[in-house]
1. In the range 24-56, how many residues are out of contact with any helix residue (DSSP H, G or I) (no Cβ under 8 Å at 6 or more places or on another chain) and either over 17 Å from LEU72 (Cβ atoms) or acidic (Asp, Glu) (or both)?
2. Which pairs have Cβ atoms under 7 Å, sit 6 or more apart or on different chains, and link a residue in the range 86-109 that is loosely packed, with under 13 Cβ neighbours inside 10 Å to one that is part of a strand (DSSP E or B) and basic (Lys, Arg)?
3. Search the range 34-57 for residues being of a type outside the set (Gly, Ala, Ser) and open to solvent by less than 50 Å² (accessible area, probe 1.4 Å), and hand back the single one that is farthest from SER11 (Cα to Cα).
Amino acid sequence: ANIVIPKIGKSKQNVMRLRDLLTKKGNYKCSLVLVSLDRRKAALRALHRFDKDGRYVPLSYIVDIVSHEPQLTYYRLRMRERRVWRHLAAYNSDVRKGEAPKLECWSKHWPQNLLTKQGGTRSGKRRR
């Protein structure tokens, strides 16, 4: 069975702790996936989401607290902990509403249709 656990990724230690729990106690194989968006655009999307659905996320949380930490965490884990992940992939969600995120880099044997029915669009290169 496949499960997806959305994490913001502010902390490398928290991501690794969850991975260790899933692999050691749950006998899962874990992949690490980044879905990124510039923090200013993320704040704008949060504002539009609040206007439309009433779902509130403080903009200061997106801009000041989360900031670029998810991207930094992903690349730190990718570089230093590469061998502990089954697959690695990075998507860019700076696309029009309703479009699939762009797959920017991925590891060998990455199931490219994992995130969307369309499988995203390739804009980058496969990396080891």
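The values are calculated or read from the model by the stated rules, or taken from the named source; none is laboratory data. Here the structure is a predicted model, which means the values were calculated and not measured. A quick note on method: Cβ atoms are made from the backbone with ideal geometry, for glycine too, and the neighbour counts reach across all protein chains shown. Calculation scope for accessible area: heavy atoms of the full protein, side chains included, ligands and nucleic acids excluded. Shrake-Rupley method; radii C 1.70, N 1.55, O 1.52, S 1.80 Å.
1. Qualifying residue count, the range 24-56: 16.
2. Final answer for the pair search is LYS108/ARG126.
3. Ranking the qualifying residues of the range 34-57, first place goes to VAL57.
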